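Taking it in order: structure first as structure tokens, then the write-up.
The values are calculated or read from the model by the stated rules, or taken from the named source; none is laboratory data. Not measured: the values here are computed from a predicted model. When we count neighbours, we look across all protein chains shown, and the Cβ atoms used for this are built from the backbone with ideal geometry, even at glycine.
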């Protein structure tokens, strides 16, 4: 019968409880720049609003585009962030080399076949080997 082991002990000092901890001076300062992340569709929604929406002026059917501050108030996003999105609109829309478009929003990538006859022959031989009950490993390819 194997010996009974005691549970593995945690290394280092035991963590202090919240009531035992000391509040440091830098923890009393307010956060200047809270970290916020926004999804692609949220960014696109704000940019679409700024681009397409019009606000009536009230005289003779005239309209004006919304300001970034109005979009900020409506979508609850800081105006500075919206200003940054407007500058980076090309990347957000998915155009450009390093676009921020999520993978499921991208068009499916199709590989260009360089040697279609070779691939057809390789596939038919692969099927024959598998039907024959043989193992096909990476080295076979």
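Conditions first: (1) in a loop (DSSP other than H, G, I, E, B); (2) at pLDDT 90 or above. Residue 83 passes all but one, so which condition is the exception?
With respect to (1) in a loop (DSSP other than H, G, I, E, B); (2) at pLDDT 90 or above, residue 83 is out only on (1).
Taking the options 108, 100, name whichever one is under 30 Å from residue 141 (Cβ atoms) and modelled with pLDDT under 85.
Working: 100 fails: under 30 Å from residue 141 (Cβ atoms).
Only one candidate qualifies: 108.
How many residues are in a helix (DSSP H, G or I) and modelled with pLDDT under 90 if we restrict to region 130-141?
From region 130-141, those in a helix (DSSP H, G or I) are 130-131, 138-140; that's our starting set.
Retained after the next criterion (residues that are modelled with pLDDT under 90): 130, 138-140.
Number satisfying all stated conditions: 4.
Among the candidates 56, 78, 65, 34, single out the residue that is in contact with a strand residue (DSSP E or B) (Cβ under 7 Å, 6 or more places away or on another chain) and either at pLDDT 90 or above or surrounded by fewer than 14 Cβ atoms within 10 Å (Cβ to Cβ) (or both).
Result: 56 is the single residue among 56, 78, 65, 34 that is in contact with a strand residue (DSSP E or B) (Cβ under 7 Å, 6 or more places away or on another chain) and either at pLDDT 90 or above or surrounded by fewer than 14 Cβ atoms within 10 Å (Cβ to Cβ) (or both).
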